[in-house]
Structure formats: structure tokens, C-alpha cells
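The values are calculated or read from the model by the stated rules, or taken from the named source; none is laboratory data. In this text the structure is predicted, and so the values were computed from the model without any measurement. Reconstructed Cβ throughout: ideal geometry from the backbone, glycine too, with neighbour counts over all protein chains shown. Side chains are part of the model used for accessible areas, which takes the heavy atoms of the whole protein and leaves out ligands, DNA and RNA. Shrake-Rupley method; radii C 1.70, N 1.55, O 1.52, S 1.80 Å.
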Amino acid sequence: MAHISVLGLGNWGTAIARLWLLEGHKVKGWTIEEDVYQSITLDGINSKYLPDHPVKGLDATMHLSEALEGSEIIVLAVPSSVILDVVEDIIPHLQPRHVLLDLAKGLAPGKRLISQAIHGMLKEAGKTNPLAVLTGPTIAPEAAGGVMTTALVASEDDAVANRLASTLGTPSFILHPASDPVGAELWGAYKNVVALACGLVDGLKQVGDLGGDNLKAAIFMSGFKEGCLLLAELGARAEVAFGPAGLGDMYVTATSPHGRNRSMGEKLGTGLTLEQALDEMHMVAEGVRATRMFIERAEDSGLKVPFTKALNTLLDGDIDAEECCRRMVALG
């Protein structure tokens with residue numbers, strides 16, 4: 001039995017906590033949302049984010065120090081936009097026994113990945129805690145319900161990746177250790193860009209005759225092709241593209257009705273502006289931030305990314321969803 005702290009009780013943080021509770025692990029959860037805390041504490045369920053899957057036995061708290069007390073594995077399940085702030089808050093409480101597992105993949109300010117930024121923060125504080133990244137096709141409601149899936153646990157330290165995969169894997173949540181956290185994290189972030197683009201098709205289908213499976217497949221292919229070229233230049237190993245962190249995660253995020261980035265794209269596809277679509281979102285859509293940051297990273301490296309640029313132009317409000325899709329398909 002492992003002692004696990006899950007920081008962030010959105011849909012994925014709650015789902016993964018449920019999986020580990022059912023395996024007999026001791027799990028604590030931290031949230032800043034009063035309604036989430038009250039729902040879990042009083043009713044044993046996260047009625048806001050995962051209402052159909054009880055989390056009986058989850059020890060919820062709104063205090064970081066309480067969440068970390070007695071834990072061995074600290075799971076960072078907060079949005080990428082705030083994860084570095086949370087890491088800064090937990091650093092004073094870290095003990096040598098703590099292992100960090102990052103679920104919020106992506107790019108950070110300073111031309112670094114989030115995991116690289118966390119490593120830098122730990123080093124500056126004189127901490128040597130190991131860090132791993134978890135990514136793969138993991139739609140939260142399905143995983144919480146026991147639908148079988150697979151994911152990567154990637155760390156520069158093979159022993160850490162192997163130990164986490166062995167400890168945290170379940171019969172339905174099959175974890176594979178990997179040694180390329182850079183590739184895993186890059187693909188974990190980039191898949192949200194493609195999902196956002198594929199969601200445009202679902203929106204267009206609601207308002208006209210342009211949207212359909214053929215168009216979505218063409219856009220998916222175009223996005224995957226650009227990802228293979230761009231992410232390799234940014235440091236990802238080529239083989240990651242064809243595993244759970246690449247094609248696997250990208251496919252489910254771009255096609256599942258539960259995918260928040262696909263849902264965000266769908267709203268844009270119906271003609272909503274970025275601001276209007278964001279106002280309607282119940283959960284954070286990482287694809288908007290990822291699109292902006294991949295554009296910056298590509299420009300800094302002198303790389304051409306016409307697929308991502310077309311989506312960014314749409315987000316800026318300079319073209320509509322139909323024109324964005326036409327530009328993406330033309331790249332094929």
C-alpha cells in the first residue's frame with residue numbers, strides 16, 4: 001500500500017485518486033475549491049467534476065501541509081497554468097522520501113518544459129526529490145469507471161519510472177515505464193492543440209455541411225505530421241510519437257466527447273469567439289495556452305508550423321473556423 005497525495009481534484013485528479021483507492025492505497029486529496037471539498041467530505045463524491053463515481057475513503061483537505069503529511073508520492077494534478085505556483089508552495093514541506101509525479105504536461109516560461117522548470121525550482125531550493133511525468137490516453141470518466149487504458153510514466157531515472165509504474169498501475173490502468181520525459185511531456189501538451197483543431201469540425205457540423213469524419217481525419221493527420229516534425233526539433237525522441245503519449249493520447253483527446261479541448265474547439269467551430277467559448281467551459285482547456293506557447297517556441301527556433309499558426313490565427317479572431325480548417329487541410 002502506497003501513501004499518495006493528489007494535489008488538484010478536478011476530473012482527472014479525482015479519477016486517478018479513485019483508481020488508487022480501489023487498489024487499497026491510502027490517498028489524500030487537496031483542493032482550493034470549497035464546493036469540491038464539501039462534496040467529497042460530506043457525500044464521498046466530487047459532484048462538480050466526476051459526479052458518477054464515488055471516492056469513498058478519499059481524505060480531502062484544503063490545506064497543503066495536511067495533504068502532504070505522511071505521503072510518499074505527490075501527484076501534481078493541477079492545470080499547467082498554475083502548477084509552478086503550487087510547486088513553489090509545496091517545496092518548504094518536501095521531505096527526502098517524497099517522489100513527485102507530474103500530470104500537467106506542457107511548456108513553461110523561459111523556453112523550458114514544466115518538468116524542467118520544476119527540476120530547476122527543486123535544485124534552487126536544495127531539494128533532490130525525483131520527478132516523473134505521466135501521460136497517455138486517459139479520459140477521466142472512463143478511467144474512473146474501470147475502462148482499460150495505458151499510459152507512460154517517464155523519468156530520467158529508470159528506477160523511479162519502474163517503481164512508479166509498478167506501484168501505481170492497476171488491472172485497468174496499465175502503466176509503462178519510459179526514459180524520455182521530454183518527449184512524453186511535449187506530446188502530452190501538443191495533443192491538446194490537435195484536439196482543439198479537431199473539435200472545430202464538430203462545431204462546423206452543427207452549423208452547416210462542411211463538418212464530418214473525413215474532414216476530422218484530414219485535420220488529425222495534418223496535425224500529427226506537424227507534431228512529428230516540430231517535437232523532434234524540440235527534443236522528443238521519434239518513437240514517442242507512436243506510443244501512448246503520442247498517437248494514443250492524441251486520438252482519444254481529439255475524438256472523445258469527454259475531451260475538454262475537443263469541446264472547446266467545438267464551441268469555436270459553431271462561431272463563438274475565444275472569450276465566449278472560455279466563458280462556457282466548466283473545466284480548463286489546455287489547448288489554447290499550448291497553441292500560443294508552441295507558436296512562441298517554434299518562432300524562437302526558426303521553425304515553420306503552419307498547422308499551429310492557422311489555429312493561433314483563429315484564436316486571435318482573424319479568421320473563422322471554416323477558413324482555419326481549409327488552411328489545415330491544404331497542408332496535407
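Summary table
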read-out	value
Boolean, residue 304 is in a loop (DSSP other than H, G, I, E, B) and either without any contact (Cβ under 8 Å) to a residue 24 or more places away in the chain or of a type outside the set (Asp, Glu) (or both)	yes
Residue that is nearest to residue 249 (Cα to Cα), among those in segment 61-112 that are hydroxyl-bearing (Ser, Thr, Tyr) and either surrounded by fewer than 17 Cβ atoms within 10 Å (Cβ to Cβ) or modelled with pLDDT of 95 or more (or both)	81
Residue within segment 2-15 that is open to solvent by 40 Å² or more (accessible area, probe 1.4 Å) and not hydrophobic (A, V, I, L, M, F, W, C) present	yes
Selected residue (only one of 247, 274, 268, 278 is more than 11 Å from residue 195 (Cα to Cα), open to solvent by 40 Å² or more (accessible area, probe 1.4 Å), modelled with pLDDT of 90 or more and not hydroxyl-bearing (Ser, Thr, Tyr))	247
Residue 23 being under 19 Å from residue 142 (Cα atoms) and open to solvent by 40 Å² or more (accessible area, probe 1.4 Å)	yes
Residue list for segment 81-113, filter: out of contact with any strand residue (DSSP E or B) (no Cβ under 8 Å at 6 or more places or on another chain) and small (Gly, Ala, Ser)	81, 108, 110
Segment 250-265, residues that are in a helix (DSSP H, G or I), under 20 Å from residue 79 (Cα atoms) and either at pLDDT below 90 or polar (S, T, N, Q) (or both)	253, 260, 261, 263
Of the criteria (1) touching a Cys at 6+ places or on another chain (Cβ under 8 Å); (2) in contact (Cβ under 8 Å) with a residue 60 or more places away in the chain, which one residue 221 fails	(1)
Lone unmet requirement of (1) part of a helix (DSSP H, G or I); (2) in contact (Cβ under 8 Å) with a residue 12 or more places away in the chain for residue 29	(1)
Candidates 77, 2 - the one that is of a type in the set (A, V, I, L, M) and more than 15 Å from residue 140 (Cα to Cα)	2
Residues of segment 32-43 that turn out to be open to solvent by 70 Å² or more (accessible area, probe 1.4 Å) and either in contact (Cβ under 8 Å) with a residue 24 or more places away in the chain or in a loop (DSSP other than H, G, I, E, B) (or both), as a count	2
Residue check for residue 150: under 15 Å from residue 15 (Cα atoms) and either open to solvent by 50 Å² or more (accessible area, probe 1.4 Å) or not in a loop (DSSP other than H, G, I, E, B) (or both)	yes
Any hit, segment 58-75, residues being more than 20 Å from residue 22 (Cα to Cα), assigned to a loop (DSSP other than H, G, I, E, B) and in contact with a strand residue (DSSP E or B) (Cβ under 6 Å, 6 or more places away or on another chain)	no
Failed criterion for residue 188 (all others in (1) under 29 Å from residue 294 (Cβ atoms); (2) assigned to a loop (DSSP other than H, G, I, E, B); (3) not hydrophobic (A, V, I, L, M, F, W, C) hold)	(2)
